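Read the figures in this text as sums done on the coordinates, not as results from a lab. Note that this is a predicted model, so its numbers are computed, not measured. Using ideal geometry, Cβ is built from the backbone for each residue, glycine included, and neighbour counts are taken over all protein chains shown.
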Amino acid sequence: MSVINEWLKKQKKLHFSLIDPDKQSPEEAGEKARICQSYGTNAIMVGGTTVSSRKMVYETVVEIKKKVSIPVILFPNSGKFLVDNADYLFFMMLLNSKDYRHKFGEQLEGAIIVKELGIKPIPTGYLIVSTSSIPTTVEKKTILDKVGNDDIEKAVKYALYTEYTGMHCLYMDAGSNPQQPISNEMIKAVRKEISIPLIIGGGIRDAETAKQKIQAGADVIVTGTLLEKNVESVKEIIKGIK
Ligand code: 1GP
């Protein structure tokens, strides 16, 4: 059984806090993680589209691990920035990238590093949903088979592909700080067709929105930008989820 399923057996719905090592000092990252744990977040994700220093990732994880007891999961943009002091790694296929490197190449190079470092991989299908008229950072970094908020059938196809290829979870992401989150309709349609855990992130900034995404069928909500701007506001989001 996948580790996310194990966690979901203990708590029906989960919240993950995403910390980008580029956005603050490792010490500040540790303090944010501590606050998020005190609010009831279930894991700290470490990563971001623009991360470019392995040292910064390592030191950020060191400081986070000093302050929290919950799992730390790497959310990598490349095999180059993997570190051995995190507990888990989202080993992700960027499902709707047309770019060989993002879909397969980075993972291929990263596989041997994962083995050598002994990090536990969580096989994850990662689907970028384009919800905004202004492209998010991740949309600028790769060439996408665009899945818009109305392309529900296409999202369902990618979700089924994820389940049928044996991946442990599907992470549907509207990118960092998009104009709007993934629609409730899309989440409902995907949830209806798959049984693996469904992680939803991107643009979730208030408790009501988080609650709606959970009611539509999300198992896990990811919050990133909000905790960079005002970590206290994560408390309400977690209340909305649980
Ligand atoms: C981005 O899903 C995450 O990859 C979080 O998005 O920064 O908008 O919370 P936000």
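Points to keep in mind about this one:
- Over 28 Å (Cα to Cα) - which of Lys10/Lys192; Lys66/Lys242; Lys157/Lys211; Lys9/Lys188; Lys13/Lys80; Lys65/Lys192 fall in this group: Lys13/Lys80; Lys65/Lys192
- Under Karplus coefficients 6.51, -1.76 and 1.60, residue-wise ³J(HN,Hα) of the range 116-129 in Hz, glycine/proline x: 5, 7, x, 7, 7, x, 10, x, 10, x, 10, 10, 8, 10
- The chain - Rg and Dmax from Cα coordinates, angstrom: 16.3, 44
- What the phi angles of the range 202-211 give under the Karplus curve with 6.51, -1.76 and 1.60, with θ = phi - 60°, is a coupling list of x, x, 8, 10, 8, 4, 5, 4, 4, 4 Hz, glycine and proline written as x.
- Stretch gain in nm, segment Ala111-Lys55, where the contour uses 0.36 nm per residue and the Cα spacing is subtracted: 18.2 nm
- P(r), alpha carbons of the range 73-186 - 10 Å bins starting at zero, rounded %: 14, 44, 33, 9, 0
- Rg [Å, one decimal], Dmax [Å, integer] - the range 109-242, C-alpha atoms: 15.1, 43
- Gap separating the Cα centres of the range 114-160 and the range 52-75, nearest whole Å: 23 Å
- Within the range 39-190, percent of DSSP bridges classed antiparallel, to nearest 5: 5 percent
- Among the trypsin sites (Lys or Arg not before Pro) found in the range 95-145, those both in a DSSP coil and sparsely packed, with 15 or fewer other Cβ atoms within 10 Å of their Cβ, are Lys98.
- Classified by the C-alpha gyration tensor, the range 1-120 has an oblate form. Its axis ratio a/c, with a ≥ b ≥ c, is 1.5 or above, and a/b does not exceed b/c.
- Karplus 3J(HN,Hα) series, Hz, for the range 171-181 with 6.51 cos²θ - 1.76 cosθ + 1.60 (x for Gly, Pro): 10, 9, 10, 8, x, 7, 6, x, 5, 8, x
- Within the chain: Cβ-based charge dipole about Cα centre, in debye rounded to nearest 20 (Lys, Arg +1; Asp, Glu -1): 400 debye
- Helix-only mean residue ellipticity at 222 nm for the chain, each DSSP H run of n ≥ 4 adding -39500 (n - 2.57), per residue, nearest 500: -12000 deg cm²/dmol
- Förster-model FRET efficiency, 45 Å R0, Tyr100 and Lys65, C-beta, rounded to 0.05: 0.85
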